[in-house]
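As structure tokens, the structure follows; a few thoughts come after it.
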Amino acid sequence: MISVRELTKRYGPTAAVDRLSFDVRPGVVTGFLGPNGAGKSTTLRIILGLHRPTSGEALIGGRRYERIRRPLHEVGAVLDADTAHPGRTAFHHLACLARSNGIGGSRVAAVLERVGLADVAHKRVGGFSLGMRQRLGIAAALLGDPAVVLLDEPVNGLDAAGIRWIRSTLRSLAAEGRTVLLSSHLMSEMALTVDHVLIIGRGRLLAETSMEQVRARSGRDVLVRSPRAADLAVVLTGLGASVTADGDGGLVAVGVDAPTIGDAAAAASIPLHGLTPRSATLEEVYLEMTGDAAEYRAVAERTTR
Amino acid sequence: MTTTTIVDDTAAPTAPRPPAFRDAVAAEWMKLRTVRTTYALLAGAAAATLLGLTVLALLVQDYDRAAPAERAAFEAADPTVAVMPFVGFLIGSIGAMVITSEYTTGSIGPGLLAVPQRGLLLGAKATVAATVGAIGGLLFALLSCVGTIVLLGDRPAPLNPWPTWTDAVPTVVGAALVVLTTSAVALGLGAVLRSTAATLVTLGGLGLVVPMFAHALPTTLHLLLASILIPNLAPQLAGADHPYLLSPVGAAAAAVVWVVAALAAGAFALDRRDAG
């Protein structure tokens with residue numbers, strides 16, 4: 001269980017995180033979604049004790065991270081792909097971290113096996129690809145077999161195979177009953193991995209919802225074409241739909257589905273030349289949900305200059 | 001609502017119980033052993049020792065060719081001058097890199113995630129830096145003094161600084177303590193500066209540049225300043241013939257002040273600033 005309460009982090013006059021409060025429950029994969037600069041990484045770093053909050057608090061299992069002794073046994077984190085000394089071998093990189101938490105060498109070998117790096121365990125990290133470094137980061141997070149796993153933008157810069165691997169790894173971690181919190185600026189990535197999503201913008205919580213609800217929001221409107229567009233508009237408005245012209249001779253109807261439009265047009269003997277249900281992509285839903293925040297930020301930035 | 005202020009965050013980390021500290025030290029020791037830079041710097045210190053001894057060998061050769069009257073004017077063949085400043089700089093670089101290499105490579109992040117009690121982490125790093133300084137200092141001071149004794153044979157003062165070989169013991173101990181001090185101070189500076197290059201430049205500046213500017217000061221001030229510079233503590237710790245002001249105890253106190261001040265600054269910086 002992670003609880004964030006009224007968390008604020010200021011850099012001079014700018015609030016990177018602004019009175020942010022949320023809980024991350026165990027047993028589900030929670031996504032932390034927001035545009036670049038929304039405060040996701042800062043929040044994760046405060047949760048992990050790397051950054052100091054200006055005010056508020058972030059607790060894991062009721063304690064600040066710095067108060068946890070041998071924390072690798074309780075929390076695993078992947079913050080950045082480039083966090084290993086390039087001159088050290090993968091095995092030694094993990095062994096150094098493991099040693100500080102009283103974890104033995106056999107566990108190091110086991111996590112390297114799990115992330116598929118056993119063959120390169122004794123190669124220097126400097127020669128690793130981004131995907132391999134990302135796997136090494138996940139290996140480090142799993143060293144102490146923690147119940148809570150946090151990942152900051154784990155798929156950034158990865159190729160398709162790497163993304164698929166991360167996705168299946170996260171799913172299996174959740175299936176093992178762990179609490180998984182991952183941040184991303186990609187809704188499409190979230191859709192495939194998470195159960196619960198926290199959307200933040202400008203350091204504030206904009207929405208907290210299940211992935212189910214996000215999907216439900218993605219049904220959007222229907223594009224209709226008819227030689228008698230004006231008559232059809234009256235009929236559709238009568239059905240309670242809101243209708244606008246798309247500027248290309250077509251009508252965009254919101255609040256009514258395609259079969260209803262077809263039936264109503266037939267009943268009124270209005271010919272239809274086109275009937276296209278359009279659904280928003282998850283990215284569009286996400287942009288709708290964060291759009292205000294992004295706009296507000298642009299305005300705020302202009303006015304402070 | 002609970003408000004956590006920065007002041008609350010700087011409270012002393014949970015009292016480090018011995019096993020946690022021991023594990024942290026063991027981890028830091030492993031970090032040092034598993035990068036090639038450490039061995040490169042040790043090899044550099046060995047090379048500096050050989051080079052210094054070569055210079056002393058040339059001095060001895062000159063001495064043998066000189067007329068008796070000239071021999072009386074020779075400087076002592078002192079390895080603490082010809083060898084140890086370079087050894088101190090190279091071993092001190094290892095001490096600095098115990099922390100600066102983590103900032104440069106980003107591995108400070110995982111390091112702090114594994115040991116989030118920052119005082120404990122710095123304590124473990126300081127222990128390792130000081131140990132490397134003590135062992136490396138002792139090793140190379142011993143090598144260079146034994147090498148010098150062999151080179152000198154039964155040649156007398158002023159070329160020979162030690163009437164008998166036992167007189168070299170305080171020199172070895174003093175030189176080793178100075179390398180230990182250098183390494184621990186380098187770690188503290190490294191925690192503040194977060195950069196190997198900046199730390200080494202500062203360290204070099206303290207050892208080389210400050211003495212040069214000090215010459216511009218009035219003699220008494222100059223002497224006082226020169227007496228507390230880390231490399232100059234070696235002869236004062238040994239209680240040998242030297243132009244400085246401190247007794248061995250005073251020099252030891254100066255070394256302790258250097259280490260405590262540098263580590264306190266490092267602890268403050270590590271605790272106050274965001275990391276990783």
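The values are calculated or read from the model by the stated rules, or taken from the named source; none is laboratory data. Just so we're clear, the structure is a prediction, and the values are computed from it rather than from any experiment. FYI the Cβ positions are ideal-geometry reconstructions off the backbone, even for glycines, and counts take in every protein chain you see.
Looking at the range A:186-264, what strands (runs of 3 or more DSSP E) fall wholly within it and have at least 3 residues that are among the aliphatic types (A, V, I, L, M)?
Qualifying strands (runs of 3 or more DSSP E): A:196-201, A:204-210, A:219-225, A:250-254.
Can you find a residue in the range B:43-50 that is surrounded by 12 or more Cβ atoms within 10 Å (Cβ to Cβ), part of a helix (DSSP H, G or I), at pLDDT 95 or above and not small (Gly, Ala, Ser)?
Yes; the residues of the range B:43-50 include at least one that is surrounded by 12 or more Cβ atoms within 10 Å (Cβ to Cβ), part of a helix (DSSP H, G or I), at pLDDT 95 or above and not small (Gly, Ala, Ser).
Just to be sure, is residue A:87 of a type in the set (Gly, Ala, Ser), in the same structural domain as residue A:24 (by TED's automatic domain parsing), surrounded by fewer than 18 Cβ atoms within 10 Å (Cβ to Cβ) and not in a helix (DSSP H, G or I)?
yes
Within the range A:96-118, is even one residue β-branched (Val, Ile, Thr) and under 22 Å from residue B:117 (Cα atoms)?
There is at least one residue in the range A:96-118 that is β-branched (Val, Ile, Thr) and under 22 Å from residue B:117 (Cα atoms).
Restricting the first residue to the range A:111-122 and requiring it to be farther than 12 Å from residue A:133 by Cα, which pairs with a second residue that is part of a loop (DSSP other than H, G, I, E, B) meet a Cβ separation below 7 Å and a spacing of at least six or different chains?
Listed pairs, sorted by first residue: A:111/A:143.
For the range A:133-165, which positions are closer than 18 Å to residue B:110 by Cβ and either small (Gly, Ala, Ser) or out of contact with any strand residue (DSSP E or B) (no Cβ under 9 Å at 6 or more places or on another chain) (or both)?
Once the filter is applied, which keeps residues that are closer than 18 Å to residue B:110 by Cβ and either small (Gly, Ala, Ser) or out of contact with any strand residue (DSSP E or B) (no Cβ under 9 Å at 6 or more places or on another chain) (or both), the range A:133-165 yields A:133, A:135, A:136, A:137, A:139, A:140, A:141, A:144.
Does at least one position in the range A:65-77 carry a residue that is hydroxyl-bearing (Ser, Thr, Tyr), in contact with a Pro (Cβ under 8 Å, 6 or more places away or on another chain) and either at pLDDT 95 or above or crowded, with 20+ Cβ neighbours inside 10 Å (or both)?
There is at least one residue in the range A:65-77 that is hydroxyl-bearing (Ser, Thr, Tyr), in contact with a Pro (Cβ under 8 Å, 6 or more places away or on another chain) and either at pLDDT 95 or above or crowded, with 20+ Cβ neighbours inside 10 Å (or both).
Identify all residues within the range B:119-151 that are of a type outside the set (Gly, Ala, Ser), surrounded by fewer than 21 Cβ atoms within 10 Å (Cβ to Cβ) and in contact with a helix residue (DSSP H, G or I) (Cβ under 6 Å, 6 or more places away or on another chain); write none if there are none.
B:127, B:138, B:142, B:143, B:149, B:151
Could you list, ordered by first residue, the pairs with Cβ atoms under 6 Å in which the first is in the range B:27-40 and within 9 Å of chain A (Cβ to nearest Cβ) and among the charged types (D, E, K, R) and the second is surrounded by 15 or more Cβ atoms within 10 Å (Cβ to Cβ) and assigned to a helix (DSSP H, G or I), at least 6 apart or interchain?
Partner pairs satisfying both residue conditions: B:28/B:124; B:28/B:125; B:28/B:128; B:31/A:96.
Scan the range A:131-144 and report the pairs whose first residue is within 10 Å of residue A:169 (Cβ to Cβ) and whose second residue is assigned to a helix (DSSP H, G or I) and at pLDDT 95 or above, with Cβ atoms within less than 6 Å and a gap of 6+ or a chain change.
What qualifies is A:142/A:111.
Looking at the range A:199-219, can you tell me whether even one residue there is more than 15 Å from the chain's Cα centre (by Cα) and among the β-branched types (Val, Ile, Thr)?
no
With the structure loaded, tell me whether residue B:127 is away from every other protein chain (no Cβ under 14 Å), of a type in the set (S, T, N, Q) and in contact (Cβ under 8 Å) with a residue 60 or more places away in the chain or whether it fails that test.
The answer is no for residue B:127.
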